[in-house]
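Novice: One structure, pasted below without further comment.
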Amino acid sequence: MYLAALRLQHFRNYQELDLTFSPGLNIVYGENAQGKTNLLEAIYFLATGKSHRTSRDQELIRQGHSELRVEARVVRQTGELTLALRYGLDTRKSLRINGIPEKRIASLVGKLAVVFFSPDDLQLIKGAPAGRRRFLDIELSQVSPTYLHHLQVYLRALQQRNALLRQAAERGLSPGLLETWDEQIVHAGAEILLRRQAAVRRLGALAADYHRRLSSGREELTLRYLSTVGDLPEALSQEALAAVRDRFRERLERLRREEMARGTTLVGPHRDDLLFHINGQEARLYASQGQQRTAVLALKLAEIQFMREIIGEAPVLLLDDVMSELDPGRRNYLLQAVETGVQTFISCTDAADLMIRRWPAEYRLFRVQSGQVF
Ligand SMILES: Nc1ncnc2c1ncn2[C@@H]1O[C@H](COP(=O)(O)OP(=O)(O)O)[C@@H](O)[C@H]1O
Ligand SMILES: [Mg+2]
């Protein structure tokens, strides 16, 4: 799939913008603080309904304005699609797909699939578990509306359950009240857990392959999903779901007192982690900068392939300022993606960062200056 056209209104430092793109490589260049990341952020926003760098949507609206619009034309194997997202200071987000209003913003997710890679991702391995969970959630939501549904149910129930637990911690509570929320998080949670587990196995195999090649066969990367609920069955089946639900319930029962004392839910997908090992050693603790870079690059390449396998076409690759962080060998490796039919957006300040083996046949250059694109 590829993004054929994008229109922005009052998004970050853009007043109005109307662009068409190459289905191959799109290079967005310019000095710092001109709007390069903002442009990629707008694409990400349209893909996921969220920004990759803030959870406060208000920040996305151009200062002095009260509403933003992002519109795109996406070309997919199944045909063309127009997406239009509006968001205002006093209005909730509203979405139209092919001109037809959608009730749920969640319908947006997966229409334009993206893989985003920025220097912040280099923190993925060493950073907090929340970043790795978010990585899995975004990846899975983009390829599976079912996953996103279970995730939303889970997060809502978790909020309610935590509110009750806080009450319990403050002024006591009869445990019976918790049970409806327990059942909801157990049901949605089991779905999330088994889907994450399966995704990590496949992503892990793909990433290990890329990592091996990027390290000339010297390093073995392994990914493992580590759940607070305990060991998980490998495959997603009704029996496996039932088994995970039982284990989850058991864990909740055992922790009831502690949860009521601490006022929060202590087990479940929202407490889990994704572990990276390189040559058997935990990467979070022992990997060098170079090894982390290689592992994250391998993971991003694996993401592209993983999504392609599931949705049957390649996602769009967004590379924000990462080229300067990589050596020429790794840059070329990343740019091979373009040759395998992945539409790619690259932002950079210095054209020298783009010293690449050869330019793909299809490319366009965009110079960004003070919220204008030339
Ligand atoms: N809501 C907003 N309204 C107006 N300008 C904004 C808004 N948010 C960010 N900016 C401006 O956008 C610029 C940063 O753009 P960015 O895309 O991050 O730069 P870069 O080209 O370095 O990637 C800054 O000048 C910042 O002030
Ligand atoms: Mg930037």
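Novice: Among (1) of a type outside the set (D, E, K, R); (2) in contact with a Phe, Trp or Tyr (Cβ under 7 Å, 6 or more places away or on another chain); (3) modelled with pLDDT under 95, where does Pro175 come up short?
Specialist: Failing condition for Pro175: (2).
Novice: Next up: From the residues in the range 13-22 that are hydroxyl-bearing (Ser, Thr, Tyr) and surrounded by 18 or more Cβ atoms within 10 Å (Cβ to Cβ), which one is farthest from ligand 2 (Cβ to nearest atom)? Lay out the reasoning, then the answer.
Specialist: Initially, the range 13-22 is screened for residues hydroxyl-bearing (Ser, Thr, Tyr), giving 14, 20, 22.
Subset that is surrounded by 18 or more Cβ atoms within 10 Å (Cβ to Cβ): 14, 22.
On the way: Tyr14: 14, Ser22: 21 Å.
Looking at the filtered set, the residue picked out is Ser22.
Novice: State whether the residues of the range 341-349 include one that is surrounded by fewer than 16 Cβ atoms within 10 Å (Cβ to Cβ), of a type outside the set (S, T, N, Q) and assigned to a loop (DSSP other than H, G, I, E, B).
Specialist: yes
Novice: What about Leu25, is it more than 14 Å from ligand 2 (Cβ to nearest atom) and touching a Pro at 6+ places or on another chain (Cβ under 7 Å)? Don't jump to the end; show me each part of the working.
Specialist: Details: more than 14 Å from ligand 2 (Cβ to nearest atom): yes; touching a Pro at 6+ places or on another chain (Cβ under 7 Å): yes.
Yes: the conditions hold for Leu25.
Novice: Checking Ala240 against (1) closer than 19 Å to Arg257 by Cβ; (2) out of contact with any Phe, Trp or Tyr (no Cβ under 6 Å at 6 or more places or on another chain), which single condition isn't satisfied?
Specialist: Against the list (1) closer than 19 Å to Arg257 by Cβ; (2) out of contact with any Phe, Trp or Tyr (no Cβ under 6 Å at 6 or more places or on another chain), Ala240 comes up short only on (1).
Novice: Ok, one more. Give me the strands (runs of 3 or more DSSP E) completely within the range 1-63, filtered to those with at least 1 residues that are within 19 Å of Leu95 (Cβ to Cβ), ordered by residue number.
Specialist: Numbers: elements: 2-11, 14-20, 25-29.
Hits in the range 1-63: 2-11.
Novice: Restricting to the range 214-236, and then to whatever is under 23 Å from Gly290 (Cα atoms) and without any contact (Cβ under 8 Å) to a residue 12 or more places away in the chain, can you tell me which residue is surrounded by the most Cβ atoms within 10 Å (Cβ to Cβ)?
Specialist: Across the range 214-236, the extreme among qualifying residues is Arg218.
Novice: Let me ask something else. Taking Gln291, is it within 17 Å of the chain's Cα centre (by Cα) and in contact (Cβ under 8 Å) with a residue 12 or more places away in the chain?
Specialist: Spelling it out, it is not the case that Gln291 is within 17 Å of the chain's Cα centre (by Cα) and in contact (Cβ under 8 Å) with a residue 12 or more places away in the chain.
Novice: Does Arg224 satisfy being of a type outside the set (Gly, Ala, Ser), in a helix (DSSP H, G or I) and either under 30 Å from the mean Cα position of the chain (by Cα) or more than 17 Å from Arg133 (Cβ to Cβ) (or both)?
Specialist: Numbers: of a type outside the set (Gly, Ala, Ser): yes; in a helix (DSSP H, G or I): no; either under 30 Å from the mean Cα position of the chain (by Cα) or more than 17 Å from Arg133 (Cβ to Cβ) (or both): yes.
Against the criterion (of a type outside the set (Gly, Ala, Ser), in a helix (DSSP H, G or I) and either under 30 Å from the mean Cα position of the chain (by Cα) or more than 17 Å from Arg133 (Cβ to Cβ) (or both)), Arg224 does not qualify.
Novice: Being in contact with a Leu (Cβ under 7 Å, 6 or more places away or on another chain), part of a strand (DSSP E or B) and hydroxyl-bearing (Ser, Thr, Tyr): is that true of Tyr87 here?
Specialist: Details: in contact with a Leu (Cβ under 7 Å, 6 or more places away or on another chain): yes; part of a strand (DSSP E or B): yes; hydroxyl-bearing (Ser, Thr, Tyr): yes.
When the stated conditions are applied, Tyr87 passes them.
Novice: Within the range 237-271, how many residues are among the charged types (D, E, K, R), free of Cβ contacts under 8 Å to residues at least 24 places away in the same chain and touching a Pro at 6+ places or on another chain (Cβ under 9 Å)?
Specialist: Of the range 237-271, the ones among the charged types (D, E, K, R) are 239, 245-247, 249-251, 253-254, 256-259, 262, 271.
Filter once more, so that each one left must be free of Cβ contacts under 8 Å to residues at least 24 places away in the same chain: 239, 246-247, 250-251, 253-254, 257-258.
From the residues that got through so far, the ones that are touching a Pro at 6+ places or on another chain (Cβ under 9 Å) too are 239.
Count: 1.
Novice: Now, a different point. Go over the candidates Lys50, Lys36, Lys103 one by one and state the one that is on the phi < 0 side of the Ramachandran plot and within 16 Å of ligand 2 (Cβ to nearest atom). Before you say what the answer is, go through the steps one by one.
Specialist: Working: Lys50 fails: within 16 Å of ligand 2 (Cβ to nearest atom); Lys103 fails: within 16 Å of ligand 2 (Cβ to nearest atom).
Testing whether each residue is on the phi < 0 side of the Ramachandran plot and within 16 Å of ligand 2 (Cβ to nearest atom) leaves just Lys36.
Novice: Name the residue, out of Ala261, Ala240, that is assigned to a helix (DSSP H, G or I), farther than 18 Å from Ala188 by Cβ and among the small types (Gly, Ala, Ser). Outline the logic, then answer.
Specialist: Values: Ala240 fails: farther than 18 Å from Ala188 by Cβ.
Only one candidate passes the filter, namely Ala261.
Novice: Do you know which of the residues in the range 244-283 that are of a type in the set (Lys, Arg) and at pLDDT 95 or above is surrounded by the fewest Cβ atoms within 10 Å (Cβ to Cβ)? I'd like the intermediate steps shown before the answer.
Specialist: Pass one, the range 244-283, residues of a type in the set (Lys, Arg): 245, 247, 249, 251, 254, 256-257, 262, 271.
So of that shortlist, the ones also at pLDDT 95 or above come out as 245, 247, 249, 251, 254, 271.
On the way: Arg245: 18, Arg247: 20, Arg249: 16, Arg251: 18, Arg254: 11, Arg271: 16.
Step by step, filter the range 244-283, then rank; the result is Arg254.
Novice: From the list Thr91, Thr78, which one is over 19 Å from Leu40 (Cα atoms) and in contact (Cβ under 8 Å) with a residue 12 or more places away in the chain? Give the derivation first.
Specialist: Numbers: Thr78 fails: in contact (Cβ under 8 Å) with a residue 12 or more places away in the chain.
Being over 19 Å from Leu40 (Cα atoms) and in contact (Cβ under 8 Å) with a residue 12 or more places away in the chain holds for just one of Thr91, Thr78, which is Thr91.
Novice: Based on what the data block shows, is Arg73 in contact (Cβ under 8 Å) with a residue 40 or more places away in the chain, away from ligand 1 (no atom under 12 Å from the Cβ) and over 25 Å from Met323 (Cα atoms)? Write out each step before concluding.
Specialist: Values: in contact (Cβ under 8 Å) with a residue 40 or more places away in the chain: yes; away from ligand 1 (no atom under 12 Å from the Cβ): yes; over 25 Å from Met323 (Cα atoms): yes.
For Arg73, the condition - in contact (Cβ under 8 Å) with a residue 40 or more places away in the chain, away from ligand 1 (no atom under 12 Å from the Cβ) and over 25 Å from Met323 (Cα atoms) - is met.
The values are calculated or read from the model by the stated rules, or taken from the named source; none is laboratory data. Every value quoted in this text rests on a predicted model; they were computed, and no experiment measured them. Because the Cβ atoms are built from the backbone with ideal geometry, glycine has one as well, and the counts that use them run over all protein chains shown.
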